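Beneath this line is the structure, given in structure tokens, with notes to follow.
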Amino acid sequence: MERRKLVKSMLIAAAGAAAVRTSSAADVSGAIASNPISFNKKSPGMPQRNGAKTVKLNPEMFVNKGESSNGGQARSAAKNLDQEDSYPAFNQMFQQAKSLSSNNIIEINLGGYYKVSQGNFELPSNCHIVGGGTIFLDNNNDEQVIFKIENQQDFSLTNVTLTSSKTTGLWGKSCSGVVIKGCSNFVLSDLNISYRTDAISISDSSHFRIENCLVHKLGEEGIAVRASFSWIIFNNDIYEHNGDGILLKTSGSPSYDGKIICNRIFSATDIFGLKGTLGGGITLNDEKTGSSTTFSNLLVSGNSISDTSYGIAFTNIQNLKVFANDVDTVRRFGIIVDNAVYNNPQKYPIKKTIVSGNTVKIPGKPGSLSIVLMV
């Protein structure tokens, strides 16, 4: 095996092992110390809760409520949810989950196909969604988010498909798949999200994982993380997107300890967003006004990026490691680390950057760049 391939394999193996834990930092202004955060395998992100009970809910429980529940009526309820508006049942279910979540662990099973006329479902703390089902948002409003979670902790969404009837005009809107703000200790895993502005948008949050998700057919970003710390983005597929594949922003707040590992970003498009533009790869970019803070301690390793506008672009960052990534067939540049990127006019210096073992292949095109470091 070639030395470069051997080094890459070792890095990816180490990165995969690191993906089972997240790190925290004590002080963003000084040296950053990383500490492991453990997750309960049955309820990811859950601390041990003495005496807590697990309460199981599903939407079918809230259809024809009040009638005796024999097998025939249960099948009828499931059929009704397949064919009719499931929003009333979902609304009641999440209200019940909220009322019970302070003293219990809530497990919501979504095993069917659910068409809902409205979204903006609020997930409470101590709540875990599983099931393998589909939520279809039958609503073309520009402001409808499917899940909107604020100021909660210890929750997870696993193995659910989120999609919608709104398939065009997704650029510059507020109709994302999952929006999380001010939350901690959570996991998003094995989600399939399509036909949204952003698939996953997280801000002002900490100690979380996004892993094994498929996000595609998007007006803007695949995964956006703003003003957050101690997180991992691992083994996701992002494609047919019109914005950045993975977008980071400091947004003027402490932002540190991130890992972007073994993701695949490919086949960007302008079909679902702004015509004439093409989605990109992985970037830290505060846009327009710049930021009063820098991102500190970021690992980008083992990612594959192809057929996008650009590969990997960072500015306003310190303690950056870019290892063993593959960038192929991009229009503008492969990897760039620059303290003078157009959208960051404050030009904060970049410190302690390591770029090693990456592969960049760009077809012959005047003006295209492979790897540029201006630190």
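Table for the structure above
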quantity	calculated
Spacing of the two label points (7 Å from each Cα toward its C-beta) at residue 353 and residue 167, in nm	4.2
Cα gyration tensor category, rounded, prolate or oblate, for region 168-211 with a/c compared to 1.5	oblate
Amide H contacts under 5 Å for residue 115, placed H, 5+ residues apart	86, 136
Residues with amide H under 5 Å from that of residue 164, placed H, sequence gap 5 or more	137
Spin-label pair residue 237/residue 84, simplified geometry with 7 Å Cα→Cβ offset, distance in nm	3.6
Theoretical gain in end-to-end length, residue 96 to residue 321 [0.36 nm per residue, Cα-Cα removed]	76.5 nm
Efficiency of FRET from Cβ geometry, residue 113 and residue 52, R₀ 41 Å, rounded to 0.05	0.85
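FYI, it's all coordinate maths here, none of it is from the lab. Computed from a predicted structure; not experimentally measured. Every residue, glycine as well, gets a Cβ built from its backbone with ideal geometry; the counts of neighbours run over all protein chains shown.
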